[in-house]
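Data first, discussion second: the structure below is written as structure tokens.
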Amino acid sequence: MWSNEIWLTALDGFRNWLVREAKITTVITLMPGNQNLQAYRAAGLETQAVPLGPEITQQDAARLYEVMDKALADEKARVLLHREIVDDDLAGLLGGYLIASGLVEDRILAAAVIQEILGRPLGPKARALLPGPNRAR
């Protein structure tokens, strides 16, 4: 079991890595009731909360994409999405953002990009979050 001192030292090292090495500028947490927001702010990071429940809707995705657009408005921005696990929901949201932001026009290409990053195929939940070619956000 870690003592409080060891835990705080590890946490401080992680925050330093986020800011100095990874150059993260904004943390967007997708978790409800995230206590880490205060720690991120103390490290000098911009923080946003977009809590998502167990069933993510297209409206949830659109809300997240608005926050991501603002966070990524500066060309030097680096955004960390904070979620407990990298699951199909997160994969679908990332693929959906590629389409919604105009970085990718085709949902098949968006799926392929995210599959390559994750090293695994997207499941039906992830694919359901990818907007179709005629679907506005």
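Values in this text are rule-based calculations from the coordinates and carry no lab data. From a predicted model like this one, the values you see are computed outputs, not experimental measurements. Note that we place each Cβ from the backbone using ideal geometry, even for glycine, and neighbour counts take in every protein chain shown.
At an R0 of 25 angstrom, the distance between the Cβ atoms of LEU109 and ARG78 translates into a FRET efficiency of 0.60.
Over the stretch 82-137, the ratio between the Cα radius of gyration and 2.2 N^0.38 Å evaluates to 1.02. Compactness of the chain, taken as the C-alpha radius of gyration over 2.2 N^0.38 Å, stands at 1.13. Extension gain for MET31 to GLN58 (0.36 nm times residue separation, less C-alpha to C-alpha distance): 8.0 nm.
Secondary-structure-derived ellipticity at 222 nm for the chain, considering helices only, amounts to -14000 deg cm²/dmol, per-run term -39500 (n - 2.57) for DSSP H runs with n ≥ 4.
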